[in-house]
Amino acid sequence: MRIIGTGSAHPSLVVTNKMLENFLDTSDEWIVSRTGIEQRRLISSESLEDLAVESALKAMENAGVVPDDIDFLIVSNVCNDYVTPSLSCVIQGELGIKCPCFDINCACSGFIYALDIAESFLATKDLRNILIVCAEQPGRMVDWKDRAQCVLFGDGAGSVVVTKGDDMKAIRLNTVSKVDPLWQKRAMQPTPFLRKEEHDGPLVMNGQDVFKLAVSSSIDDIEKVLSKANISAEDIDLFVLHQANIRIIDAIRHFSKQDKSKFPVNINKYGNTSSATIPILLDELNREGKLKNGDLLLMSAFGAGFTTGACILRWSK
Ligand code: UT7
């Protein structure tokens, strides 16, 4: 496969750390030093579908394709207003594309999982272009009274269009069933026969456990994709990593022994937008002309599950 277009979209509301100080026992200094986040974008008047559609249209325009050129749509999303139908069904009509579609929920690792599915589909089916949309609103999942959580997240969407090609050099997905460190349940409709208690509440996270799992599993994934592709860390031009915490990115950087300039970040502006962080960052790099033909990108993400994924992709747009 080959990426031929990128797009992203952000809510209009910018929420700075200073704004959070108004209702939380926190400080700009704590948030910046512990996470690298200075501000985030949060949904206010717009909807998640709006962001998904905007980022997808931008990716199609960037790829030079029209809706009729898209043969499959994959959406990565953890939660949205609809339980059913899937977010992909909802936005497919608005985008004016006519093709099969489905959602995946692989939490923050969703973009890497979607790339792998797209790669397999392109290899085995008669498809021209696949649109991948990662649209997330973790800002609607967290408890805004819990300072250890709500400061971390932002809402947003990032999209790519992929086509047949030979740019995927190696990919590794991994899932280890560990629910405790990061989960959220929502109550379903009662029945006259229900005999169990249901839990309906915000995201539950053990930050330190997630931190440790994130660093160890990302390092493991990165070692494995480098070895699979027979490429050394020195040969990687950019490490486009999930933007969850600057200290997690720094830990991975120290392990790789590569220069800081190879680790682009935008977590300061957007916080953790779940599976959208990597396609949003990719879109920024693409539009700022920071990606050169032939560049080798290593992407790596981790999230609830515990799901992780990493891949090495040559840039040849
Ligand atoms: O995509 C996956 C999503 N999740 C993650 O990536 C989370 C990964 N984990 C992390 O990023 C970090 O563990 C956090 C940023 C969540 C927390 O950082 P930490 O260095 O692990 O802090 P901590 O949990 O050990 O808390 C240290 C102190 C505590 O106070 P005491 O008990 O020492 O008095 C917390 O109550 O910092 C306090 N604290 C805060 N203080 C000011 C926690 N959150 C805040 C806050 N402002 N927002």
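Read-outs: derived from the displayed coordinates by stated rules, not from any lab. What you see is a predicted model; the values in this text were computed from it and never measured. Virtual Cβ from ideal backbone geometry, glycine too; neighbours counted across all protein chains shown.
When you look at G36, is it within 16 Å of the ligand (Cβ to nearest atom), touching a residue at least 12 places away in the same chain (Cβ under 8 Å) and on the phi > 0 side of the Ramachandran plot, yes or no? Break it down into steps so the answer makes sense when it comes.
Numbers: within 16 Å of the ligand (Cβ to nearest atom): yes; touching a residue at least 12 places away in the same chain (Cβ under 8 Å): yes; on the phi > 0 side of the Ramachandran plot: yes.
In short, yes.
Look at the stretch 189-203: where a residue is assigned to a loop (DSSP other than H, G, I, E, B) and a partner is of a type in the set (D, E, K, R) and surrounded by 10 or more Cβ atoms within 10 Å (Cβ to Cβ), sitting 6+ places away or on another chain with Cβ atoms under 7 Å, you get H199/K185; D200/K185; D200/R186; P202/D143. Restricting attention to the stretch 6-23, the residues that are within 16 Å of the ligand (Cβ to nearest atom) and surrounded by fewer than 17 Cβ atoms within 10 Å (Cβ to Cβ) add up to 6. The residue that is nearest to the ligand (Cβ to nearest atom), counting only those in the stretch 79-100 that are surrounded by fewer than 22 Cβ atoms within 10 Å (Cβ to Cβ) and within 19 Å of the chain's Cα centre (by Cα), is C79. The number of residues in the stretch 177-224 that are closer than 22 Å to A251 by Cβ and among the hydrophobic types (A, V, I, L, M, F, W, C) comes to 9. Here V179 clears all of (1) under 17 Å from I278 (Cα atoms); (2) surrounded by fewer than 22 Cβ atoms within 10 Å (Cβ to Cβ); (3) more than 16 Å from the chain's Cα centre (by Cα) except the condition numbered (1). Evaluated against (1) surrounded by fewer than 17 Cβ atoms within 10 Å (Cβ to Cβ); (2) assigned to a helix (DSSP H, G or I); (3) away from the ligand (no atom under 16 Å from the Cβ), S45 falls short on exactly one condition, (2).
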